[in-house]
């Protein structure tokens, strides 16, 4: 039995070392392994490059509208110096959800190419629709990106104003999520919002 196992191991090793046409299978596997590492590193680097604030504001649609609003919020400048950038709120951290969001965002490029939001007036005309899409996405994920920094467990209720503490207690009890109450936290609220969204 041990002899059969040794014979099988020798045959497998021999097959791995045998040339395919010009190179051994082992060389091809090793080359493929290193090519995979290089591809994965390049792909990951590109993904991270698209998560930077600088990348997000290369489109004038963002730079001239929501970026200007964001600069006036506590997420941009505050007493502690902690800054949340676009991707912190709009791109999931975990790989599966991040890839799904990147694919979804590539569809949003259609608006850029077709010029549907290329002026401040066109952007304002579509702001409510765009905001509602984002609010639905955040609601569906239980405000996952908000919770990367904010959590009920991490809140000091004693340091909150009474109304805020009560709202957080109700949200926690009723399964509420951040976006239910915190619309317009980093951007202007759109005109024509439904009463329940206010």
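Multiply the residue separation of residue 139 and residue 125 by 0.36 nm, subtract the distance between their alpha-carbon atoms, and state the gained length in nm to one decimal.
Going from the current span to full extension adds 2.7 nm.
Say R0 is 22 Å: what FRET efficiency, to the nearest 0.05, do residue 35 and residue 15 get from their beta-carbon distance?
Efficiency, from the Cβ-Cβ distance: 0.55.
Could you sort 185-193, 168-176 so that the peptide with the highest average Cβ count within 10 Å comes first and the rest follow in order?
185-193, 168-176
If the chain between residue 114 and residue 64 were fully stretched, how many nm would it gain, using 0.36 nm times the residue separation less the Cα-Cα distance?
Going from the current span to full extension adds 16.2 nm.
Report relative contact order for the chain in percent, whole number only (criteria: Cα-Cα under 8 Å, sequence separation at least 6).
Once divided by the residue count of the chain, the mean separation gives 18 percent.
Which length gain, in nm to one decimal place, applies between residue 164 and residue 188 when the Cα-Cα distance is subtracted from 0.36 nm times their residue separation?
Gain on stretching residue 164 to residue 188: 6.6 nm.
In terms of the ratio Rg/(2.2 N^0.38 Å) built on C-alpha atoms, what value belongs to segment 32-189?
In units of the globular-protein estimate, segment 32-189 measures up at 1.19.
Sketch the reach of a paramagnetic label on residue 152 as a point 7 Å from Cα along Cα-to-Cβ, and name the residues of segment 172-187 whose backbone nitrogen lies under 12 Å away.
Under 12 Å, as judged by backbone N against the label point of residue 152, lie 172-178 of segment 172-187.
Just to be sure I understand the model, the point goes 7 Å from the Cα along the line to the Cβ. What's the resulting residue 171 to residue 76 distance in nm?
A separation of 2.3 nm, rounded to one decimal place.
A short reminder: the numbers here are calculations on the coordinates, not readings from a lab. Since the structure is predicted, the reported quantities are computational estimates derived from the model, not experimental observations. Neighbour counts run over all protein chains shown; Cβ positions are idealised from the backbone, glycine included.
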